[in-house]
Amino acid sequence: MIDFTKTPSPCYLLDEQRLRNNLELIKSVKERAGIDIILAFKGFAMWSAFPIVREYIQGATSSSAYETQLAFEEMKTRAHVYAPAYTQADFDTIKPMACHITFNSLAQLSTYLPQIKPEDNIEVGLRINPEFSEVETDLYNPCAVGSRLGLTAKQLGNTLPDGVDGLHFHALCESDSSDLVKTLAAVEKNFAHLLPKVKWVNMGGGHLITRKGYNIELLIETLKAFKAKWNVDVILEPGSAFAWDTGFLITTVVDVIENGGINTAIIDSSFTAHMPDCLEMPYKPVILGASSEPVEGKPSYRIGGNSCLAGDYMGNWWFDKPLQIGDKIVFNDMIHYTMVKTTMFNGIDHPAIAINRTNGEIDVVRKFNYLDYKNRLS
């Protein structure tokens, strides 16, 4: 049992054993399917945990010069890199630290391919758009009409440009393997004429392998069949799956306000700054010890963030007893897509970062202060 009183507040707390459980499963899928699975930093870039990750998975994928440098320095690997567009400065930074570079357009390919020499030992990819996705939220749908991400079959044409080693697509978001099956059908329908010409296919992220109920056997069967049919190497690059349900955001009630019959508990954290996906997706996170559905006779509260954004709140949750100033509010599953998307909006305190080690000790690996806020500005 984790003692949440031993952490600062607010604080992101990663549970090492939960992370190891996910990594064991991911490694098993990688080995059974005979593919490569690499960590996508856009979902999980808590580099203090990378020594643990490297025990199971060695590769990483990045989407910027900074992420590429982090992969090189902290994951100790050259990165699979994809970005919607590269600047020359970014490309110069990325190239020495990349093993794969994928381009989003033919114009970007023609600009930078001549700069990649055989001695660089870099594989070159093109991102394709299968024009199919099961993702319902447009904000997270890379294949929505008019998407800027990837080339359609019509745009790419009948021939693979010289110098291209592989194809990359990303059309999933917290999806099951059945969604991948449908997506691959679209990929084969639109790009079958190009698949025999490539060495590898990167199927991007969104494969939520570690979610309870995910059909792992279907995933393995599908990947093995695709690999054999087209004689290609297969790469997956999930982010959320690595850190899914591996930790918490620990907060404290600092005030309780009633207005119009609605009780709001204001915490020392913020949805917009520290849990942005809750508002963007949107989704209602689990709070330990509370119900997200009405419970007769129990007090209910909105939870309000401590920024001045009017919409920085979610609700309602039902608690066993009335909330008091100083009570802990612990949000579950707050490691993936939290730290990577946080801001210091309003200059509010950024949550500390800690790891609950397998021996029960809580290791606070980072605290933030005024200079972290000030040095982001000028």
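Structural remarks
- Of the residues making up the range 170-183, those that are crowded, with 18+ Cβ neighbours inside 10 Å and over 19 Å from Tyr82 (Cβ atoms) number 4.
- 2 or more residues hydrophobic (A, V, I, L, M, F, W, C): qualifying strands (runs of 3 or more DSSP E) within the range 299-364: 313-319, 328-332, 352-356
- For the range 104-124, the condition of being under 30 Å from Met281 (Cα atoms) and touching a Lys or Arg at 6+ places or on another chain (Cβ under 8 Å) holds for at least one residue.
- Selection count where residues are in contact with a strand residue (DSSP E or B) (Cβ under 7 Å, 6 or more places away or on another chain) and under 28 Å from Leu14 (Cα atoms), scope the range 220-244: 7
- Test: residue in the range 196-207 that is within 30 Å of Gly163 (Cβ to Cβ), assigned by TED's automatic domain parsing to the domain that holds Ala60, among the charged types (D, E, K, R) and surrounded by 16 or more Cβ atoms within 10 Å (Cβ to Cβ): no
- Selection of the range 132-152 for residues being surrounded by fewer than 14 Cβ atoms within 10 Å (Cβ to Cβ) and in a loop (DSSP other than H, G, I, E, B) yields Glu136, Thr137, Val145, Gly146, Arg148.
- Residue among His350, His336 that is surrounded by 19 or more Cβ atoms within 10 Å (Cβ to Cβ) and either more than 30 Å from Phe242 (Cα to Cα) or touching a helix residue (DSSP H, G or I) at 6+ places or on another chain (Cβ under 6 Å) (or both): His336
- Test for Ala153: is it assigned by TED's automatic domain parsing to the domain that holds Lys199, in contact with a helix residue (DSSP H, G or I) (Cβ under 6 Å, 6 or more places away or on another chain), farther than 30 Å from Cys278 by Cβ and of a type in the set (Gly, Ala, Ser): yes
- Counting only helices (runs of 4 or more DSSP H) wholly contained in the range 16-109, the ones carrying 2 or more residues that are at pLDDT 95 or above and more than 27 Å from Lys367 (Cα to Cα) occupy 16-33, 88-94.
- When residues in the range 255-269 are screened for being touching a residue at least 40 places away in the same chain (Cβ under 8 Å) and either surrounded by fewer than 16 Cβ atoms within 10 Å (Cβ to Cβ) or not in a strand (DSSP E or B) (or both), 5 of them pass.
- Between Val295, Val234, the distinction of being hydrophobic (A, V, I, L, M, F, W, C), out of contact with any Ser or Thr (no Cβ under 9 Å at 6 or more places or on another chain) and part of a loop (DSSP other than H, G, I, E, B) belongs to Val295 only.
- Helices (runs of 4 or more DSSP H) within the range 153-231 that include 1 or more residues hydroxyl-bearing (Ser, Thr, Tyr): 177-191, 216-230
- In the range 34-82, residue surrounded by the most Cβ atoms within 10 Å (Cβ to Cβ) [restricted to those that are among the polar types (S, T, N, Q) and under 18 Å from Ser240 (Cβ atoms)]: Ser62
The values are calculated or read from the model by the stated rules, or taken from the named source; none is laboratory data. Bear in mind that the values here come from a model prediction, so they are computed numbers and not experimental data. No Cβ is skipped: glycine too gets one built from the backbone with ideal geometry, and neighbour counts run over all protein chains shown.
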